[in-house]
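Each remark here refers to the structure printed beneath this line.
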Amino acid sequence: TGEWKRADGILQHLVESMKASTTLNTLLDCSSCSKSCQNIPELPLSRYFTHTPSSDISSKGLLWGENGSSTAFNLLSPSNSFSYMTSKLGINTTTSASERSEISQLLDKNFGMFAISDTEKIQIHAVSDLLGEITDQNRASPYKTLDEAGRRFWIAVQFQRLYVPRRSGDSSSAEGCHLDSASIAWAFQSDCQDDLLDYVLPAESTWLEMQNLGMGLWYTNVSQLRTRMEKLARLQYLKSKDPKDCALLYIALNRIKVLVGLFKVSRNEKDKRLYEFLCRNFQ
């Protein structure tokens, strides 16, 4: 959701609970895996706020419940609570390298004792690395320069790029990340779309990368979009010197004359027929 402090608090609570449970070595029957597992207690709401919840707390972001003693999960409205959480959360918000290492060791050694699945373990690792990137004072994280909507989209992209390679075991599979429509909607509402695009796409992007990020659905700067698509078409041609690889892009850009020129210099004899076809006047 972009609310990194909430995720950081939950992660710290998980680590503390795992360390305490390992020391106590008390097992409880687990309904999810049908065996005895270490217990991880729910995170109390008091861990989020430095003050006692009041009767008007709903005006500060608690929209889905009024029980002040309930747990913090799913109570904060993603659309309204970001600015409030940034200023009011009373939790430690520094996920250092040593803390991430501790999280990794606990998960690798003990995750089976806590009924944590392999998928959940990978997700926790991805969240931990993402929090480290956001809170690292030695790095200029894009998170600090984007508006709220842009932050949500950027976090969704970064999480997928950290999660997917771990899940597949292939570091090159990050290109196959797919975003849901909610994340794309956040990018559409951002006022930092040019910066956002520079942050999430490399200078020489592939069509697959643009497609997976839903670029055509949320990027509204038409002139810059044309510039990027022309650059993409040129790069696709240079990779193989085959005009058919970039034909659809140039047709969509209404750059037929450029495409005709590429077919004219092609060494493939079969491309001469396409050259003659495109030279016809269809108007």
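The values are calculated or read from the model by the stated rules, or taken from the named source; none is laboratory data. A quick note: this is a predicted structure, and the numbers were derived from the prediction, not measured. Cβ atoms come from the backbone with ideal geometry, glycine included; neighbour counts cover every protein chain shown.
The numbered conditions (1) modelled with pLDDT of 90 or more; (2) part of a helix (DSSP H, G or I) are all true for Thr220 except (2).
With respect to Ser183, is the statement that it is over 23 Å from Arg161 (Cβ atoms) and not in a loop (DSSP other than H, G, I, E, B) true? No: the conditions fail for Ser183.
Arg273 falls short of the stated requirement of being exposed (fewer than 12 other Cβ atoms within 10 Å of the Cβ) and part of a loop (DSSP other than H, G, I, E, B). Going residue by residue through region 227-235, is there one that turns out to be over 33 Å from the mean Cα position of the chain (by Cα) and of a type in the set (Lys, Arg)? There is no residue in region 227-235 that is over 33 Å from the mean Cα position of the chain (by Cα) and of a type in the set (Lys, Arg).
The residue that is nearest to Tyr199 (Cα to Cα), counting only those in region 131-149 that are buried (at least 21 other Cβ atoms within 10 Å of the Cβ) and in contact (Cβ under 8 Å) with a residue 60 or more places away in the chain, is Ile134. Arg161: surrounded by fewer than 20 Cβ atoms within 10 Å (Cβ to Cβ) and not in a loop (DSSP other than H, G, I, E, B), yes or no? The answer is yes for Arg161.
Going by the structure shown, is Leu208 modelled with pLDDT under 90 and farther than 22 Å from Leu146 by Cα? The answer is yes for Leu208.
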